[in-house]
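The values are calculated or read from the model by the stated rules, or taken from the named source; none is laboratory data. Bear in mind that the values here come from a model prediction, so they are computed numbers and not experimental data. Neighbour counts run over all protein chains shown; Cβ positions are idealised from the backbone, glycine included. The protein model used for the area step is the full one, side chains on, heavy atoms only, and it has no ligands, DNA or RNA in it. Shrake-Rupley method; radii C 1.70, N 1.55, O 1.52, S 1.80 Å.
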Amino acid sequence: MQVSEFHDSRTCIALRPDPTRRAGPAAARYTASRKQQTTNREPAAAARFTVVRSLSMSASTFTLSAEIRDYLLRTTVRECDTLAALRTETARLPQARMQISPEQGQLLTLLVSLCGATRAIEIGTFTGYSAICIARGLAPGGSLLACDRSAEWTDIARRYWQRAGLDDRITLRLAPALETLATLTDGPQRSTFDFAFIDADKQNYTAYYEQTLSLLRPGGLLAVDNALWSGRILEPERSDEETLAIRELNQQVGSDPRVTCSLVPIGDGLLLVRKNAD
């Protein structure tokens, strides 16, 4: 399915392009430029990275029009062959929409690298796409603790971690994440992690936030997925546990003096939280 034809049943809000904005000579120059770039594209670049043009069931940035997202994917997203293959396999699962989008994964890699992170933790691993993105950004000798409770999904993850040559950087903990976090926060690992990513059951988001924040060092960065919840956070009639939990977390983080935050409208909304100095 081409990106220009992509439809996500979760979408409640979408920015639609103004059909008048590409009229006139500027549009003609843009079209001619794109044709020239396509004609002159280097074959070697295609060998290194997969140009992301099609998405089956995997998530996307729901606030973008199909045309803008297609441009974003074609020009800036560098998805390696391993990630592309993992995304394709995950798309066959009934729960495929739980996977992060390629542009979001690339942002995670960049954020981890900018942090100079050597210790990272992930709450909710699914089939391992985000874990690969995080592990790729770690400094030499870095490690990622991946927390999940599904052996079925993480068996897929393990295969692709090995294929990506990152299995020595990733440790999988199969257990309820709250139990794993409680073990870590009660020990000497408090304030020792550089980066954390939360993408798990939404009902426990507030608990995950508090425990993960205690594990981060001052200046450490936390990223929380699904903070926009496909726009459902804006629907007053929505009172399910997941939506209420996400609303509560967004409000809590926004007024938390312990952190500096920014909600980035990429993927399904990525809430970025930096732990302030004590």
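Numbers below:
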read-out: Residue check for ASN276: polar (S, T, N, Q) and out of contact with any helix residue (DSSP H, G or I) (no Cβ under 7 Å at 6 or more places or on another chain); value: yes
read-out: Members of region 209-231 found to be at pLDDT below 95 and farther than 22 Å from SER130 by Cα, listed by number; value: GLY231
read-out: Number of positions in region 246-265 that are part of a loop (DSSP other than H, G, I, E, B) and of a type in the set (Lys, Arg); value: 1
read-out: Yes/no for THR180 being among the hydroxyl-bearing types (Ser, Thr, Tyr), surrounded by 15 or more Cβ atoms within 10 Å (Cβ to Cβ), modelled with pLDDT of 95 or more and not in a loop (DSSP other than H, G, I, E, B); value: yes
read-out: Checking ALA120 against (1) surrounded by fewer than 16 Cβ atoms within 10 Å (Cβ to Cβ); (2) under 20 Å from TYR205 (Cβ atoms); (3) in contact with a helix residue (DSSP H, G or I) (Cβ under 7 Å, 6 or more places away or on another chain), the condition it does not meet; value: (1)
read-out: Which numbered condition LEU107 fails, given (1) more than 23 Å from LEU216 (Cα to Cα); (2) open to solvent by 30 Å² or more (accessible area, probe 1.4 Å); value: (1)
read-out: Single residue of ASP199, ASP167 found to be crowded, with 21+ Cβ neighbours inside 10 Å and touching a helix residue (DSSP H, G or I) at 6+ places or on another chain (Cβ under 8 Å); value: ASP199
read-out: Test for ASP268: is it part of a loop (DSSP other than H, G, I, E, B) and surrounded by fewer than 21 Cβ atoms within 10 Å (Cβ to Cβ); value: no
read-out: Single residue of region 204-244 satisfying the filter (touching a Phe, Trp or Tyr at 6+ places or on another chain (Cβ under 9 Å) and open to solvent by 10 Å² or more (accessible area, probe 1.4 Å)) that is farthest from PRO257 (Cα to Cα); value: ARG238
read-out: Residue count, region 67-88 (criterion: out of contact with any Pro (no Cβ under 9 Å at 6 or more places or on another chain), assigned to a helix (DSSP H, G or I) and open to solvent by less than 40 Å² (accessible area, probe 1.4 Å)); value: 5
read-out: Any hit, region 132-146, residues being in a helix (DSSP H, G or I) and open to solvent by 30 Å² or more (accessible area, probe 1.4 Å); value: yes
